[in-house]
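Beneath this line is the structure, given in structure tokens, with notes to follow.
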Amino acid sequence: SSNVVIPRALLVSALLVAVGASGAHAVVIPIVINLPTRGIGYSSIDDRLYVSVPNSSATNPNTLLPINPHTGALGSAIPAGFDPNAIVTSNDGTKLHVVFGGNRGVQPFDITTHSLGTPFTVAGGPTVRHIHSIPGRPNAVLMTLAMGSDAAGTYIWENGTQLPQHVG
């Protein structure tokens with residue numbers, strides 16, 4: 001059996017894959033991918049890590065990049081809006097949501113069809129501070145918004161539409 005340890009690095013995505021026996025006798029083989037990243041997610045549907053590659057990267061800027069966690073092989077880059085950041089994976093592993101555009105937009109991605117959904121934006125001036133998936137609702141995300149350093153409320157978006165109930 002193999003275990004995957006995924007550290008969150010901003011400048012280098014370092015993937016550690018443990019192979020062999022579990023526990024204290026596991027052999028750890030580091031796979032280092034020298035690529036700037038901002039967010040990282042994993043889908044059990046296709047057994048891939050997905051990283052967001054920022055605008056500042058010389059390679060694959062403004063993309064979502066699938067990575068084979070066992071070999072480090074890079075998949076085809078997927079456009080993800082300007083300067084993608086945080087990634088959240090639905091609990092069933094079928095959808096990703098990527099925050100982009102100065103933390104003002106969200107780009108959905110369907111892992112089962114390998115297709116982009118319609119991006120949606122946060123209206124007004126707030127930015128996305130945190131984004132979370134909602135168990136049992138792969139097309140929905142819970143987002144905490146901020147106006148500068150002040151909290152601006154917690155909202156749910158489903159299928160790209162902000163639901164009317166919110167906190168704050």
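The values are calculated or read from the model by the stated rules, or taken from the named source; none is laboratory data. Because the structure is a prediction, the values reported are computed rather than measured. Positions of Cβ are generated from backbone atoms using ideal geometry, with glycine treated the same way; all protein chains shown enter the neighbour counts. In case anyone asks, the SASA skips ligands and DNA or RNA and just uses the protein heavy atoms, side chains included. Shrake-Rupley method; radii C 1.70, N 1.55, O 1.52, S 1.80 Å.
Residues checked against (1) within 19 Å of S52 (Cα to Cα); (2) without any contact (Cβ under 8 Å) to a residue 12 or more places away in the chain; (3) open to solvent by 30 Å² or more (accessible area, probe 1.4 Å); (4) assigned to a loop (DSSP other than H, G, I, E, B):
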position	(1), (2), (3), (4)
V99	yes, no, no, no
N103	yes, no, yes, yes
R129	yes, no, yes, no
S133	yes, no, yes, no
L145	no, no, no, no
W157	no, no, no, no
H166	no, no, yes, no
In the stretch 28-58, how many residues are closer than 28 Å to T112 by Cβ and either among the charged types (D, E, K, R) or free of Cβ contacts under 8 Å to residues at least 24 places away in the same chain (or both)?
-> 5
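Please verify whether F82 is touching a residue at least 12 places away in the same chain (Cβ under 8 Å), open to solvent by 40 Å² or more (accessible area, probe 1.4 Å) and not small (G, A, S), treating the condition exactly as stated.
So F82 passes the test.
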Among the candidates T113, T118, residue that is part of a loop (DSSP other than H, G, I, E, B), farther than 19 Å from G41 by Cα and either of a type in the set (S, T, Y) or open to solvent by 90 Å² or more (accessible area, probe 1.4 Å) (or both) = T118
Would you be able to say whether some residue in the stretch 112-123 is under 14 Å from the mean Cα position of the chain (by Cα) and without any contact (Cβ under 8 Å) to a residue 24 or more places away in the chain?
-> no
Residue check, A140 surrounded by 18 or more Cβ atoms within 10 Å (Cβ to Cβ), touching a Leu at 6+ places or on another chain (Cβ under 7 Å) and in a strand (DSSP E or B) = no
